[in-house]
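S.K.: Got a structure here, written out as structure tokens. Questions coming.
Computed from the coordinates by the stated procedures, all read-outs in this text should not be read as laboratory data. Nothing here was measured: the structure is a model prediction, and the numbers come from that model. Neighbour counts are summed over all protein chains in view; Cβ atoms, including those assigned to glycine, are modelled from backbone coordinates with ideal geometry.
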Amino acid sequence: MGDQQVLAMIKRAIDTSDTAIQPEDLENLISMVTPLDTPLFRMLQRIPVTATLHEWVESTLTATLSSSVYADGSVPSANTETHTRKNNKVMCVGRVAKASNLLRAVKTIGEFTDAFALEVQEKMQDLIRCIEYWILNGDIANTSPQEMDGLLNVVATTTVANGSVVISEAKLQELIKKCYEAGGVPDTIVATPAVALAIANFSSGRIRYNYDDGSAMEDGPVPGIKLKKYQNPFGPAMVIVPERSSFFASGNVLVLCSKEIALGSVLSPVIQMFDLANTTDSFSRLLRAYITLVVRNETHHGLLTGVNDE
């Protein structure tokens with residue numbers, strides 16, 4: 001057997017059997033294990049903010065409707081409306097993207113050739129997740145560093161206790177009724193996935209999976225999940241928003257008037273980037289947002305407590 005034949009046999013053996021020295025079999029794609037869905041960040045309207053304490057005024061009309069009648073030739077009794085100044089603090093939220101110059105010089109796994117570019121993209125996604133968390137869980141009582149109030153604190157004015165059991169449709173409707181009586185027209189239910197599933201199993205005909213006009217099913221607040229609506233006896237069908245447990249504590253269900261809630265931001269766009277001074281052989285960039293939550297007419301929204309997720 002000649003040398004060329006021996007070399008050919010060796011090559012065939014390497015190509016077909018010795019996987020230890022084969023090139024690495026790696027897809028040119030980086031998959032995210034951590035959930036990235038941020039439905040409230042996506043759905044809330046944006047408003048500009050110009051001070052560290054953002055304020056707005058709410059008015060309350062007189063509750064004595066019968067006093068509007070008066071005798072001919074006179075005038076009705078004077079009545080004074082109530083004006084209340086509400087506020088929420090602006091908080092700083094941020095992440096730092098950092099990569100050494102060595103990592104920037106070598107090829108990064110996946111479609112990125114620059115490790116720093118990959119870091120910036122991932123930190124941007126992470127920061128949006130952080131904003132989603134604070135929209136729900138902020139606590140204005142925490143002052144160092146300063147926090148805004150989140151929905152679970154603000155909306156606690158109107159509450160119904162579910163009784164530490166699987167969600168009761170009667171209790172959910174009681175809360176919706178309270179919000180309606182207070183002047184709201186609730187259109188959104190925020191719940192954990194387990195509770196959203198329980199709502200989907202309510203009485204037949206209560207749940208719809210398309211828009212009110214009967215058009216084809218489309219994505220809801222979470223990409224890839226069809227729009228699910230609960231039939232509200234006091235107004236429009238309510239969109240059900242499933243929030244993962246990393247954002248939303250179990251045991252709670254929020255009933256919201258989404259048009260009365262906004263994400264206030266000092267910056268436009270909400271997230272901006274700023275290169276940091278580097279004292280080591282690396283490159284760093286701060287991704288930051290200055291945000292607050294505006295919840296107008298807090299009694300128009302409600303919180304159902306004691307909901308068993310099991």
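S.K.: In percent, what relative contact order does the stretch 39-178 have, based on Cα pairs under 8 Å that are 6 or more apart in sequence?
M.R.: Relative contact order for the stretch 39-178 comes out at 19 percent.
S.K.: Continuing with the same structure: Can you compute the modelled spin-label distance between Ala249 and Val96, with each label point 7 Å from Cα toward Cβ, in nm?
M.R.: Placing both labels 7 Å beyond Cα along the Cβ direction yields 3.0 nm.
S.K.: Checking the cross-link filter: which lysines have an alpha carbon closer than 28 Å to that of Lys89, excluding same-chain neighbours under 8 positions apart?
M.R.: Lys123, Lys178, Lys259
S.K.: Distance between Cα centroids, the stretch 49-78 to the stretch 239-283: provide it in whole Å.
M.R.: 35
S.K.: Additional query: What are the ³J(HN,Hα) couplings of the stretch 262-273, residue after residue, when phi is run through the Karplus curve with 6.51, -1.76, 1.60 and θ = phi - 60°? Round to Hz, x for glycine and proline.
M.R.: Taking θ as phi minus 60°, the curve returns 9, 9, x, 9, 6, 9, 9, x, 4, 10, 10, 10 Hz for the stretch 262-273.
S.K.: Okay, moving on. Using R₀ = 45 Å, calculate the FRET efficiency as 1/(1 + (r/R₀)^6) where r is the Cβ-Cβ separation of Asn142 and Gln231; round to 0.05. Walk me through the numbers before you get to the answer.
M.R.: On the way: r = 39 Å, r/R0 = 0.86.
My answer for the efficiency is 0.70.
S.K.: Here is a follow-up. Report the extension gain between Ser164 and Thr64 in nm, rounded to one decimal, defined as 0.36 nm multiplied by the number of residues separating them, less their alpha carbon distance.
M.R.: Numbers: separation 100, 0.36 × 100 = 36.00 nm, distance 3.75 nm.
Taking Ser164 through Thr64 to full extension adds about 32.2 nm, to one decimal.
S.K.: Which residues' amide hydrogens lie under 5 Å from the amide hydrogen of Ala99, considering only partners 5 or more residues apart or on another chain, with H built in the peptide plane?
M.R.: Phe283
S.K.: Let me ask another. What full-extension length gain, to one decimal in nm, is calculated for Ser268 and Thr84 as 0.36 nm per residue of separation minus the Cα-Cα distance?
M.R.: 63.4 nm
S.K.: Kindly provide the Kirkwood hydrodynamic radius of the stretch 229-302 in Å, to one decimal, from all pairs of distinct alpha carbon atoms.
M.R.: This gives a value of 16.2 Å.
S.K.: Using Cα pairs closer than 8 Å and at least 6 residues apart in sequence, work out the relative contact order for the stretch 102-189, in percent.
M.R.: Result for the stretch 102-189 is 13 percent.
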